[in-house]
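The next block holds one structure in the form of structure tokens; read it before the comments.
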Amino acid sequence: MSVTPINVNDDVLKATKTYRQQRRHVVALYLLALFVMTVLFGWLLSEQYKQEIEAAESRITARANVVNEWAKGVFAQSGQALFGLAELLALQGMPNSDNDQALKRSLENLTLYMPMVDEITVLSAEGRALASGRGNRKPDADISESAFFNAFKQAGQKELITPLYWSDIDQRYYLYHGRRLETSTGEFAGVAISSIVPEVFADALEQMSVYDGESIALVDPGLKFIARYPIPEEPFSIGSQIDSPETTEWLARGESTWSINFDSPIDGRKRLFRILRVGEYPMLAVVGIDLNELLSAWRQRALILTLVMAVIALLGAWGARHYLNRLALAHQLRQRIEEREQARAEAQIAAAAFQTHLGILITDPRGTILKVNETFSRITGYSEAEIVGNNPRMFSSGLQNAAFYRRLWKRVIKTGNWEGEIWNQRKSGELFPEWLTISAVYDVAGTLTHYVATMSDISERKAAEQEIHQLAFYDTLTGLANRRLFMDRIDTALKELQRHQRCGALLFIDIDNFKQINDTLGHYAGDQVLQRVARRMGQMLRDTDTLARLGSDEFAVLIEGVDSNHAQTNRLVERIAHKLLAALNEPIGLAEESIMVTGNIGIAIMASNEYGVDDYLQQVDMALFQAKSNGRHGVCFFDPSMQAALLAHVKLEADLIQAQASQQWQLYYQPQVDQHGRITGVEALLRWHHPERGMVSPGDFIPLLESNELINDVGEWVLEDACYQLARWAQHPRLSELTISVNISPLQFRDEQFLARVEGVFARTQAPLQQLKLEVTESLFVEARDDARDKMLALKARGVRFSLDDFGTGYSSLAYLAQLPLDQLKIDQSFVQQVLESQANAAIVESTIALAESLNLEVIAEGVETKAQQAWLLAHDCHASQGYLFGRPVTAEAIERLITGD
């Protein structure tokens, strides 16, 4: 219950409010000033820091450029000298011996005018030294086999400069600058080499002025020092290796310039480096500056600014505190006055009948609580001492917004009262509903003096309403949304999806074999399974998703507010679906039983404006049907092709009913032969000649016959037609020994009227039953196998023989197999057709033949298509065969012509 005072002229309370506002303003002003000052000083320091770094980068870049240009000049001067020497030798021709005095003098003169070059040497095409700028000084060794020398033999290699090279003779480093020498016809004549000493670069660096903390160095591409200034105090020599993975990576990138901060490998000091490649030469110019030296002045300024800011902050805090103390003193004086006035006001309140079943609360015009009764304290949980002096906002639940209270007080001011339902909060934090009445009290002069509120706790009434709502919209067993609420939410979700152009999804979840759980463990266990499944699936979903129970073992999920991207929606929904299946698949412990639950999920994505609730329900239902058809524990999204397939399925089912009514069936027969190729029997195969579609594949209509229970009627027709054929052939001497094998569906066999139907067929056809063979599959014996055995024994007594079809693909127990009245095992074609290629299949076929012998049963192989397969089967004592090698399924007349030759 919240009371907002309006238009009240209470000077004391107004002063109290002013005092609190002044305190907040002072503190806020101080904090704002402190924040602005901190931001300003921080920005100033940041700008100064960037200026220092930018100035340093400009300075070291300029130095690096100077070093770069000077180093390029050294190599350029050496290159010009070698170029001139090569041109001279091309005109004069290469000397024939190493005693050419004119060439020696030329080299000595070149060496004399180029102080950076230690010597210049001319090598013949064979790598032999012909002359040197040092007189009789020869090169360190024969380099005719070196990669450096051999590189010049390629016509395109005119000039080459090496990184630092260690001379074993001079015990020192050089940089070799080589130039290809050619004859006047352009043929390779030798190499001219100038040997540049690193000290030349070191002397040049020493001439440059550097600031404290700066360093200048030249290194080769292998990161070996050529020269450095200043020379560090610790041991340092030309050729010292630099360990810098960052620089190695930069070299690999092929960039020409680079700036980086890292610890110097020479003195360990943090430096800002600028690195440049020296033209196309194998050398890097590296200029660095010590960051500690660079930023020392900036750090001093930062320290001074920080101290100044701290002093200003302390002075401001002292001033604000002094001002607040003065405000507090004035407020205390006003508060004493308020207490005296309050005491007088309380004495004027009439001693009304305060003890009632309703809670009563009285406030002054400002909304300050003056008194409550015992009922009010009992309902809210607060004592009177905890309530008096506060505002009724202390009971606010937060469920009503400011606009609600504005309307409430507008009504009170206009009419003098308001009543209605409102949610408040007890001391314990519990929210509760109450019926509240607020009345304004005026004195004889018409001045507002008090507000009186009466309230009653309506929690029990609301609980009863909630229970009614729960029963109407929620499943009583699981607490999930029921079908009615789920349909409403789908309708609402569709409108929201279309309004915001987003996607959603519907999921139908069906639990496998739930009826079996109920039948075997009882309905109480089934209820527990449903509750566990509901709880697990709920934990896999978001708060915005809706999980509902639509039927016994059928659940549904509504996913809302998914991104409009269909691919992302599909991935999200598929992840949720697999999480739901994984939750289902976890074992459920019930007393001493542990149950494994599986299920299937169909999914329809909601995104189009053209579909309604019923359309999406139909789509998700079709997707669930497809998921169950694909196999257990599967997820399937709705696809428009499913609708077409469903229509085709429905049309085919209707056509099947018409086919049965108009007898569109026909029996074809496939020959079965012995080891001599003689036809001993046939297998009857059902064919459907559709008047419009032509011949329909058995794979398309046989499953439909079984699913809609037409299989019993059609199966009876097949058996009857085959028996009539047996009766006709019994009158023909050359056909009377033929047997006919008829396939019997497990659904037919399990029908309570199966034996009665078969006996009726026998009575009508008068067929020789010793020539009739019924083919059954192993799946017949998975359930109620004793009942199946009893039926087989009854027919066996009439002379009917039995063949076990597709042997090896089912689940029957070999021990139980020995108890069945079988006459023949039929080896499945999946094994026969791979018997020559697969040792595993061959072993299965051999085992089946051996098993048949041990059980004294005939054995026949189906699916024989080649003579090699037949030969293998004969070699392994399988004398009966069936397959395309001997004939495709044909009419009875064709079989007769095949045997009689007529």
Open item on the list: Counting only other residues whose beta carbon sits under 14 Å from that of V533, what net charge do I get with K and R as +1, D and E as -1?
Closed with: -2
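Within a 10 angstrom radius of the beta carbon, how do I740, I362, I242 rank from fewest other beta carbons to most?
Working: I740 24, I362 20, I242 17.
Lowest to highest Cβ neighbour count: I242, I362, I740.
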- [ ] Scan the chain and note any complete DSSP helix (H) whose C-alpha atoms cover at least 27 Å along its axis and whose Kyte-Doolittle average is 1.6 or more.
- [x] none
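For region 474-638, state the semi-axes of the equivalent ellipsoid (square roots of 5 times the eigenvalues of the alpha-carbon gyration tensor), sorted largest first and rounded to whole angstrom. Present the calculation step by step, with values, prior to reporting the outcome.
Numbers: eigenvalues 159, 50, 37 Å².
Square roots of five times the eigenvalues give 28, 16, 14 Å.
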Task: Fully extended contour minus Cα-Cα distance, from R393 to D639, at 0.36 nm per residue - done: 82.9 nm
Open item on the list: Can you compute the modelled spin-label distance between D519 and R785, with each label point 7 Å from Cα toward Cβ, in nm?
Closed with: 1.8 nm
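Per residue of the chain, what 222 nm ellipticity follows from adding -39500 (n - 2.57) for every DSSP H run with n ≥ 4, rounded to the nearest 500? Walk me through the numbers before you get to the answer.
On the way: 26 runs with 419 residues, N = 902.
So the helix-based figure for the chain works out to -15500 deg cm²/dmol.
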Task: ³J(HN,Hα) computed for each position of region 666-682 - Karplus, 6.51 cos²θ - 1.76 cosθ + 1.60, integer Hz, glycine/proline x - done: 8, 9, 10, 10, 10, x, 10, 10, 9, 5, 9, x, 7, 6, 10, x, 9
- [ ] Over region 605-743, consider all pairs of different Cα atoms and compute the Kirkwood hydrodynamic radius from their mean reciprocal separation; express it in Å, one decimal.
- [x] 18.3 Å
Open item on the list: Please compute the length gained on full extension between R734 and A385, using 0.36 nm multiplied by the number of residues separating them and subtracting their Cα-Cα distance.
Closed with: 114.0 nm
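What's the exposure ranking of D806, D614, going from fewest to most Cβ atoms within 10 Å?
Lowest to highest Cβ neighbour count: D614, D806.
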Task: Spin-label zone in region 718-752 - amide nitrogen under 12 Å from a point set 7 Å from the Cα of R764 along the C-beta vector - done: 718-724
Task: Per DSSP, loop chymotrypsin sites (Phe, Trp or Tyr not before Pro) in region 834-895 with at most 15 further Cβ within 10 Å - done: Y884
TODO: Would you indicate which of (i) -0.24, -0.37, -0.71; (ii) -0.59, -0.80, -0.88; (iii) -0.20, -0.32, -0.61 is the value of log10 I(q)/I(0) by the Debye sum over Cα atoms at q = 0.04, 0.05, 0.07 Å⁻¹ derived from the coordinates of this structure?
DONE: (ii)
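Take the Cα pairs of region 1-343, get the Kirkwood Rh, then feed it into Stokes-Einstein at 4 °C and 1.567 mPa s and tell me D in µm²/s. Write out the running numbers ahead of the final one.
Details: Rh = 26.2 Å.
So the translational diffusion coefficient is about 49 µm²/s.
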- [ ] Would you kindly derive the ³J(HN,Hα) couplings of region 799-807 from the backbone phi angles with the Karplus curve 6.51 cos²θ - 1.76 cosθ + 1.60 (θ = phi - 60°), listing them in order in whole Hz, with x for Gly and Pro?
- [x] x, 6, 9, 10, 10, 8, 7, 6, 4
Task: Where labels lie 7 Å past Cα in the beta-carbon direction, separation of F41 and L91 in nm - done: 7.7 nm
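Based on a Kirkwood Rh over C-alpha pairs, give the Stokes-Einstein translational diffusion coefficient of region 663-900 at 37 °C and viscosity 0.692 mPa s in µm²/s.
Working: Rh = 18.5 Å.
Taking Rh from Cα pairs, D becomes 178 µm²/s.
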Task: Among H732, L885, W688 the positive-end extreme of the charge dipole of region 663-900 (Cβ point charges) - done: H732
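Expected output is a single nm value to one decimal: the length gained when fully extending between S629 and Y211, i.e. 0.36 nm times separation in residues minus the C-alpha distance. What is it?
Working: separation 418, 0.36 × 418 = 150.48 nm, distance 8.47 nm.
Stretched fully, the S629-Y211 segment lengthens by 142.0 nm.
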Task: Whole-Hz couplings from phi, Karplus 6.51/-1.76/1.60, listed for region 687-697; x for Gly and Pro - done: 10, 10, 9, 6, x, 10, 8, x, 6, 9, 5
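Report the FRET efficiency, 1/(1 + (r/R0)^6), for R301 and H566, where r is their Cβ-Cβ distance and R0 is 51 Å, rounded to 0.05.
Numbers: r = 60 Å, r/R0 = 1.18.
Between R301 and H566 the formula returns 0.25.
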Open item on the list: What distance in nm lies between label points placed 7 Å from Cα along the C-beta direction at A328 and E467?
Closed with: 5.6 nm
- [ ] For each of H177, H331, count neighbouring Cβ atoms within 10 Å of the residue's Cβ, then give the residues from fewest to most.
- [x] H331, H177
Task: Equivalent ellipsoid semi-axes, region 359-463, via Cα gyration tensor eigenvalues times 5, rooted, Å - done: 22, 17, 12
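Which entries in K773/K867; K515/K651; K651/K773; K14/K371; K104/K153; K515/K791 show an alpha-carbon gap greater than 32 Å? Don't skip to the answer; put the middle values down first.
Numbers: K773/K867 26 Å; K515/K651 30 Å; K651/K773 34 Å; K14/K371 21 Å; K104/K153 24 Å; K515/K791 27 Å.
Beyond 32 Å: K651/K773.
Coordinate-derived values only; no laboratory data. For clarity, every value in this text was computed on a predicted model and none was experimentally measured. FYI the Cβ positions are ideal-geometry reconstructions off the backbone, even for glycines, and counts take in every protein chain you see.
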